[in-house]
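First comes the structure, then the notes that go with it.
The values are calculated or read from the model by the stated rules, or taken from the named source; none is laboratory data. Note that the structure is a prediction, hence the values are computed from the model and not measured. Cβ atoms come from the backbone with ideal geometry, glycine included; neighbour counts cover every protein chain shown. Note: accessible area is taken over every heavy atom of the protein model, side chains too, but ligands, DNA and RNA are not part of it. Shrake-Rupley method; radii C 1.70, N 1.55, O 1.52, S 1.80 Å.
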Amino acid sequence: MRFYHRLASPRHFYRIAGQWIPWLAGIFFVLLVWGLYESLFVAPTDYQQGESYRIIFIHVPAAWMSMFIYFIMAVAGAINLVWRMKMAEVVLVASAPIGAAFTFLALVTGSLWGKPMWGTWWVWDARLTSELFLLFLYLGIIALYGAIEDKRTAGRAVSILALVGVVNLPIIHFSVEWWNTLHQGSTVSLMGGAKMDPRMLRPLLVMSFAFKFYYGWVLFLRARNEVLERERNTSWVRELVEGKAT
Amino acid sequence: MTPIRKKRLMLIGLMVGAVGIAVALALTAFNDNLMYFYSPAEITAGKAPADHPIRVGGLVVKGSVARKPDGLTVAFDLTDNKDTIKINYTGILPDLFREGQGIVALGKLNDQGVFVASEVLAKHDENYMPPEVADALKTAHNEGVAQQAAKSIVQ
């Protein structure tokens, strides 16, 4: 409980996040190199798609991250609305561009794969459309936050938007089950296991952990900047800046 | 938790719940429009509109693919294991198009009941495996079929 309270204070968050950043970055790079090596050299070729299937090692982890980050943002939004916690707002705002980037990556890699496999770059089926909608939600949150001058009001507004948009997450996940879609069903699920060779599954999971650590790393970098910006008139930030300048 | 926070939490729960219900109702209302394609059974049952282009999805029937001499026109049967419809298509087929594979075609039924497609997309399934595993599965399947056939002959 005490740790939680200290993290809620911008000053302590700034210090603790600073200690974590090198570790998160280090673990990310190790996992990334391992994951890329396994996905490009160890994983066997697919029986139907040949080598082109290897884009899955970026596409699926990126798509998972696009939903994971949005979920974190919605939880942060709820915490901010109920407890008026400054740090929840910072996490929400700092996460949005990272989530948007992962959503964009998932859409682009899917499109690159779709052209040779399906025969088209894009179709308006339920899965692709709902994922595109998720990108618009992210962009909407970034735009709304930027449009409101007072950052506390802006934070509350984006909290509500993030919470409203959370209904899109189950739609994305279940779109391939509820409706006929061109996009295939889930290859990997918590309940059903994986319809994939174990040598292909391992790099996929390693890459998805790498992306999680990337998120943690960049989130802390961005959140620290946001904290400095918001607290620029407080004595501890002034001391920090002056202490480093002199 | 203080009363004011409890109230806020309840408001948030109500908001998310209300939005969820509204979206669920809207999606149910538009259910048919959200379907990317019809199945052959739905088309033969007359559930698909006849006046504008529609999509049909199913499996290409094994041994049904016939190429015309011009090299671009191809005719094949599409099935959902209930009903089968004939499809004609002129154009380039995607790499994954093959017999037994799932595809989605865009086009219209003509007077003879043949679906004339202007676009054919391959649908990939969720299975990923190396060729030797696919071969092993195929051999095992064939052996299983052969064993059953042998059993039925014995009986």
Can you work out D for chain B in µm² s⁻¹ from Stokes-Einstein, where Rh is the Kirkwood radius over C-alpha pairs, the temperature is 20 °C and the viscosity is 1.002 mPa s? 109 µm²/s
To the nearest Å², the heavy-atom accessible area per residue of the stretch A:1-127 with 1.4 Å probe amounts to 45 Å²
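Ignoring any ligand, DNA or RNA, what whole percent of the accessible area of chain A comes from carbon and sulfur when the probe is 1.4 angstrom?
Using a 1.4 Å probe with all protein chains present, chain A comes out at 69 percent carbon and sulfur.
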Heavy-atom accessible surface buried between B and A, both sides counted, 1.4 angstrom probe, nearest 100 Å², is 3600 Å²
As I understand it, the dipole of chain A uses +1 on the Cβ of Lys and Arg and -1 on the Cβ of Asp and Glu, about the Cα centre. Which of A:HIS183, A:PHE68, A:ALA88 lies farthest toward its positive end? A:ALA88
For A:LYS195, which aspartates and glutamates qualify as cross-link partners when the Cα separation must be under 17 Å and same-chain residues fewer than eight apart are set aside? A:ASP46, A:GLU177, B:ASP125, B:GLU126, B:GLU132, B:ASP135
Using the eigenvalues of the Cα gyration tensor, what equivalent ellipsoid semi-axes result for the stretch B:37-122 when each is taken as the square root of five times the eigenvalue, whole Å, largest first? 19, 14, 11
Could you tell me which residue out of B:GLY102, B:VAL116, B:TYR38 lies farthest along the dipole of the stretch B:37-122 toward its positive end? Charges go on the beta carbon: Lys and Arg +1, Asp and Glu -1, centred on the Cα centre. B:GLY102
What are the extents of the Cα atoms of the stretch A:87-234 along their three principal axes, listed from largest to smallest and rounded to whole Å? 55, 31, 29
Farthest toward the dipole's positive end in chain B, which of B:ILE54, B:TYR89, B:GLN148, given Cβ charges of +1 (Lys, Arg) and -1 (Asp, Glu) about the Cα centre? B:ILE54
Calculated FRET efficiency for the pair A:HIS173/B:SER118, C-beta based, R₀ 51 Å, to 0.05: 0.95
Jot down the radius of gyration and Dmax of the protein assembly as shown, Cα atoms only, both in angstrom. 26.2, 96
In degrees, nearest 10, range 0 to 90: what is the angle between the Cα axis of helix A:126-147 and the longest Cα principal axis of chain A? 20 degrees
Chymotrypsin sites (Phe, Trp or Tyr not before Pro) within the stretch A:111-181, DSSP loop, no more than 12 other Cβ atoms inside 10 Å: A:TRP121, A:TRP124
Expected max-MSF residue from B:VAL116, B:VAL133, B:VAL19 in the GNM of chain B (alpha carbon, under 10 Å) is B:VAL133
How big is D for the stretch A:102-156, in µm² s⁻¹ as a whole number, if Stokes-Einstein is applied with the Kirkwood radius of its Cα pairs at 37 °C and 0.692 mPa s? 254 µm²/s
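Using 1/(1 + (r/R0)^6) with R0 = 51 angstrom and r between the beta carbons of A:TRP124 and A:ARG238, what's the FRET efficiency to the nearest 0.05?
After rounding to 0.05, the efficiency reads 0.45.
What's the magnitude of the charge dipole for the protein assembly as shown around its Cα centre, counting Lys and Arg as +1 and Asp and Glu as -1 at the beta-carbon? Answer in Debye, nearest 20.
Here the size comes out at about 1960 debye.
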My understanding is that a pair violates if its Cα-Cα distance is over 21 Å; which of A:LYS115/B:LYS86; A:LYS115/B:LYS62; B:LYS62/B:LYS108; B:LYS47/B:LYS82 do that in this structure? A:LYS115/B:LYS86; A:LYS115/B:LYS62; B:LYS62/B:LYS108
Which residues of the stretch B:1-41 show a drop of at least 40 Å² in accessible area when all protein chains are present, compared with their chain alone (probe radius 1.4 Å, heavy atoms only, ligands and nucleic acids excluded)? B:ARG5, B:ARG8, B:ILE12, B:MET15, B:VAL16, B:VAL19, B:LEU27, B:LEU34, B:MET35, B:TYR36, B:PHE37
Rounded to the nearest 0.05, what FRET efficiency do B:PHE30 and B:ALA140 give with R0 = 41 Å and r taken as the Cβ-Cβ distance? Could you check? 0.40
Please list, short to long, the whole-number percent of alpha-carbon pairs of the stretch A:20-133 in consecutive 5 angstrom bins beginning at zero. 2, 10, 14, 17, 18, 14, 11, 7, 4, 2, 0
What is the distance in Å between the Cα centres of the stretch A:124-165 and the stretch A:66-119? 10 Å
Once you order the gyration tensor axes a ≥ b ≥ c over the Cα atoms, which shape class does the stretch B:51-93 get: rounded for a/c under 1.5, otherwise prolate or oblate by comparing a/b with b/c? oblate
With +1 at each Lys and Arg Cβ and -1 at each Asp and Glu Cβ, the charge dipole magnitude of the stretch B:37-122 around its Cα centre, to the nearest 20 debye, comes out at 100 debye
15 Å Cα-Cα reach of A:LYS151 towards aspartates and glutamates, excluding residues that sit fewer than 8 places from it in its own chain: A:GLU89, A:GLU226, A:GLU229, A:GLU231
Run through the stretch B:3-88 and list the trypsin sites (Lys or Arg not before Pro) located in a DSSP loop whose Cβ has at most 14 other Cβ atoms within 10 Å. B:LYS47, B:LYS62, B:LYS82
GluC sites (Glu not before Pro) within the stretch A:148-246: DSSP coil, no more than 11 neighbouring Cβ in 10 Å: A:GLU149
Pair B:ALA50, B:MET10: separation of 7 Å Cα→Cβ label points (nm): 5.8 nm
